[in-house]
1. Can you give me the relative contact order of segment 46-95 as a percent, contacts being Cα pairs under 8 Å and 6 or more apart?
2. Ignoring ligands and nucleic acids, what accessible area does Y95 show with a 1.4 Å probe (Å², nearest 10)?
3. Taking the Cβ of H30 as the centre, find all other residues whose Cβ is under 13 Å away and add up their charges (Lys, Arg: +1; Asp, Glu: -1).
4. Please give the helix 25-34 orientation as an angle from the longest Cα principal axis of the chain, in degrees from 0 to 90, rounded to the nearest 10.
5. Find the centroid of the Cα atoms in segment 16-57 and in segment 60-125, then give the distance between the two in whole Å.
6. Helix 121-130 versus the longest principal axis of the chain: what is the Cα-based angle in degrees, 0 to 90, to the nearest 10?
7. Would you mind counting up the charge near G16? Only other residues with Cβ under 15 Å from its Cβ, with Lys and Arg at +1 and Asp and Glu at -1.
8. Assuming 0.36 nm per residue, please report the length gained on full extension of the stretch K98 to I49 beyond their Cα-Cα distance.
Amino acid sequence: MRIKSNLSELVENESGKITMIVDSNDDIWHIFNLLEKGDLVQLKTSRKIMHESNNGNKTSKKVQIFFTLKIDSIDYNSEDYEIRINGKSIFENEYISKGQFQSASIIKNMQFSLIKKSWDAFSINLINEVSNPMVTSD
């Protein structure tokens, strides 16, 4: 796992944000153990957007959107090495309303940010361990 933030900014029992990139399937499992209901996740994903023209013709296109989701539920798929999160969007943008339920996946090679109201010692230690190349190398 590659950390794009300054790890020293994570302080036990305080709020904080960390941005990371998933490098391996093992990272998916570690991230699953970090996520909790109520955490915020910021990520970019694609959505199929339907448009209806004035003459009634419907078209669709895929767009990339960036949103922040307040986690309501978390599922781990060990066969596909994927974490599926569901929750409400906390900000509005062109494609998503504030408070709208959304789902997203965290997969290998993805960058996302995790925001916690209060970081615990376990989570901070886990991030330090899995992001240390000396610990994770074979």
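1. Result for segment 46-95 is 30 percent.
2. 70
3. -2
4. 90
5. Comparing the Cα centres of segment 16-57 and segment 60-125, I get a distance of 4 Å.
6. The answer is roughly 90 degrees.
7. Counting the neighbours of G16, the net charge comes to -2.
8. That pair, K98 and I49, stretches by 15.9 nm at full extension.
The values are calculated or read from the model by the stated rules, or taken from the named source; none is laboratory data. Just so we're clear, the structure is a prediction, and the values are computed from it rather than from any experiment. Here Cβ is always computed from backbone atoms with ideal geometry, including for glycine, and neighbour counts include all displayed protein chains. Note: areas computed on protein heavy atoms with side chains; ligands, DNA, RNA excluded. Shrake-Rupley method; radii C 1.70, N 1.55, O 1.52, S 1.80 Å.
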